[in-house]
Ligand code: GDP
Ligand code: GDP
C-alpha cells in the first residue's frame, strides 16, 4: 500500500516537469478531460525505498482570473482531502503572487504535511531571491530546479520522511473490495443494493488514514471489507468537478483494495476513463472484475449481444484479457450476487499460493516440451521455479541466462500458469533469475 502525494501550484511553475522527473520512464496516466481544459497525471514513484503515487493536479484552466482562482482553490482542497502529503510548487521567476498566498493559506490550515518547493532556482542569484517565499508562512522551503534536478533529492528526502507510516491493516483475512468507475455508472446504487440495510454492517475498522474507512459487510454468505472511499460519503460536496473527483477517488480506492470492482455503464461502453481505471488497477497489481451495469437498458438483446459486447471489451483490455466480465443490472438486481461471488473468486486467485513441488511438477515438463528459443546461438536452460512470497502472484524462473529470455516466452509462461492454476482477474508477474 503506498501513500499518495499531490503536487499543487499555479500553471507554469513547473509541476509537470517535476512530475515527469519523478516518474521518469515509468508510464503515467494522462487524463485529458473533454474540452481540453486540463490534464492530470498520475504515476508511481519511489525514493529511499518508499513507494508512493504522485498526482499532478495540473489544473490548467482557460478563463477569467475568477474562474481560475476558484479552480485552484478546489484542487488544493481536494489535494488536502485525498493526499497524504502535498508538494506546493511556486516559481522564483515570478516571485510570490496573490494566488500563491491564497493557496498557502489553505495549506497552512490543513493538517497534512506540506512541502514548499521553490522551482526554477537555476543559479545562486535565484537562490537569494527564493528567500522571499518565507513570507508564505510555511516554514522551510526547498529550492529546486526541475529541469536539471538540482535540489530535488533534498525535497524527496523530506517528502518520504513526512509520509505517514501506514500501518498494515491488511492483517484482516477478509477481501477488500473497491467499487470504482466513472460518475453515473451506478456505483452508489450498487453499493446500496449490497449494503442496503444497516444490519449487514458488522463493524467499522478505522482505516489507514482519517479519511478512509473500511467497513466490514456480511452479505450473501460472504464477508468482505468495502473500501469506502471518501466520495461515497462526501458526494454532495463536489457536484461540479465530478470527473476529477472520480479520478482521485479511484486512485485512493484502488491503492487500498485487493480487488477492484469496475462498474461501467453498458450504454457508454469501455471508454477512456474506464480504461484509465482498468490501467490503474493493473499497475497496482490488483484483482479486477468488470461489471457491465445497466444491462437492462440494452434493447433488442439477441443471443449474441452479450458475446459481442464482451468481445469488444476484451479487445480494449489487451493484453490482460483474463478478467471476468459480468453483465448486471442494479435496477433489476440481475447478477448482483454473481458480481460479489466473482469478486471473492478473484480475491482467492490473487492470494493463491502454489507449492513449489507442484509448480515444478507441472511447469518443468511444459518448459521441456517448449523451451525458450535460442538467442545468439545460446540455449537458455530453466532449472526450476517458485512462487514468490508476495501478496499477489509473482513467479521466478531460475535459469542460466535470464537476460536471453524475451517477452513472448514470458507471456507464454504466464498463459500456462493461468491455464494450469487459474489466476483469472489477477495480474501475474513472471521473472527470470540467474541460477
Ligand atoms: P506546470 O504548468 O506547472 O505543469 O509547468 P510546466 O512543467 O509545464 O513548466 C512550465 C515552464 O517552466 C516550462 O517552459 C518549463 O520548461 C519551465 N521550467 C520548469 N522547471 C524549470 C526550472 O527548473 N528552471 C527553469 N528555468 N525553467 C523551468
Ligand atoms: P454513481 O455516480 O456511479 O454512484 O452512479 P449512481 O448509483 O448514482 O447511478 C447513476 C444513475 O444510474 C441513477 O439514476 C441510477 O438510478 C441509475 N442506475 C444505476 N444502476 C442502474 C441499472 O442497473 N439500470 C438502470 N436503468 N439505471 C441504473
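Just so you know, all these numbers are worked out from the coordinates, no wet-lab data involved. Here the structure is a predicted model, which is why all the values come from computation and not from measurement. In this analysis, Cβ positions are derived from the backbone assuming ideal geometry, glycine residues included, and neighbour counts consider all displayed protein chains.
Values for this structure:
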{"quantity": "Prolate/oblate/rounded label for the range 391-435 (Cα gyration tensor, a/c 1.5)", "calculated": "prolate"}
{"quantity": "Cβ-Cβ FRET estimate between residue 400 and residue 353, R0 fixed at 25 Å, reported to 0.05", "calculated": "0.40"}
{"quantity": "The range 84-188, relative contact order in percent, only Cα pairs under 8 angstrom and at least six apart counted", "calculated": "25"}
{"quantity": "Listed peptides 129-135, 283-289, 41-47 by packing density, highest first (mean Cβ within 10 Å)", "calculated": "283-289, 41-47, 129-135"}
{"quantity": "Longest to shortest principal axis, alpha-carbon extents of the range 262-349, angstrom", "calculated": "37, 25, 20"}
{"quantity": "Point-to-point label distance, residue 223-residue 300, nm (Cα→Cβ direction, 7 Å offset)", "calculated": "5.0"}
{"quantity": "Gain in span if fully extended, residue 135 to residue 390, counting 0.36 nm per residue against the direct Cα distance", "calculated": "87.1 nm"}
